[in-house]
1. Give the residue, chosen from 181, 155, 186, that is part of a helix (DSSP H, G or I), at pLDDT below 95, more than 16 Å from residue 18 (Cβ to Cβ) and over 21 Å from the mean Cα position of the chain (by Cα).
2. From the list 24, 9, which residue is surrounded by fewer than 24 Cβ atoms within 10 Å (Cβ to Cβ) and under 19 Å from residue 119 (Cα atoms)?
3. Could you tell me whether any residue of region 75-97 is part of a loop (DSSP other than H, G, I, E, B), without any contact (Cβ under 8 Å) to a residue 12 or more places away in the chain and closer than 25 Å to residue 117 by Cβ?
4. Tell me which of these residue 77 doesn't satisfy, since it passes every other one: (1) at pLDDT 95 or above; (2) surrounded by 14 or more Cβ atoms within 10 Å (Cβ to Cβ).
5. Pairs under 8 Å by beta carbon, first residue without any contact (Cβ under 8 Å) to a residue 60 or more places away in the chain and at positive phi in region 138-164, partner part of a strand (DSSP E or B) and surrounded by fewer than 16 Cβ atoms within 10 Å (Cβ to Cβ), six or more apart or different chains?
6. Pick from 112, 101: which is at pLDDT 95 or above, in contact with a strand residue (DSSP E or B) (Cβ under 6 Å, 6 or more places away or on another chain), assigned to a helix (DSSP H, G or I) and crowded, with 18+ Cβ neighbours inside 10 Å?
7. Looking at region 50-73, can you tell me whether even one residue there is over 29 Å from residue 142 (Cα atoms), surrounded by fewer than 23 Cβ atoms within 10 Å (Cβ to Cβ), out of contact with any strand residue (DSSP E or B) (no Cβ under 9 Å at 6 or more places or on another chain) and at pLDDT below 95?
8. What is the one condition in (1) outside any loop (DSSP other than H, G, I, E, B); (2) in contact with a helix residue (DSSP H, G or I) (Cβ under 9 Å, 6 or more places away or on another chain) that residue 118 does not satisfy?
């Protein structure tokens, strides 16, 4: 890539902005408080993080420097939104796949299709694979590849894809094989994941509303120095 590689925190912050723009548009652009909550939510994140406001703000500054995010003035606080598609010159479908890879780590095309349901509805797995292959075969004139297909792990049915926004991926590192349900169990797991994501988005919305009202977000002590 021609762009300076992202740090892991920058990738988490950018992916969260991209996610919330699609799943909770009413609370977007995002305040710093709601963005911290979104980055640290327990669902739809791999790995789970515990970022501070200072770390998220530093990441935002780095994204702003690369024109991947920018700030807007809200009624009471500064709000942030991403500029990923315009800066990277990729279509909506490719942006969705890259956002999911930033938030959840390496995934198969099938997993990406399931996880993308609330972001964008792909017609089938072949459609997902087509956009992934375009990102893998991206010419150097356009900045080079943005994803890579990892070697299939022993015991795994499919190989996983990883993004290259944080720089080259170690292709020699052994991939972890997870036991995943199929059939009815797999469908139940997908529904549970979707519900967890909706709860996380509702929490982000509540955090945003609390900020607008000058209240401390849920779970945090009330501030004594309100304006």
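1. Testing whether each residue is part of a helix (DSSP H, G or I), at pLDDT below 95, more than 16 Å from residue 18 (Cβ to Cβ) and over 21 Å from the mean Cα position of the chain (by Cα) leaves just 186.
2. 24
3. no
4. It fails just one condition, (1).
5. Sorted first by the residue in region 138-164, then by its partner, the list stays empty.
6. It is 101.
7. No.
8. Unmet condition: (1).
The values are calculated or read from the model by the stated rules, or taken from the named source; none is laboratory data. The structure displayed is predicted, hence computed values, not measured ones. Cβ atoms come from the backbone with ideal geometry, glycine included; neighbour counts cover every protein chain shown.
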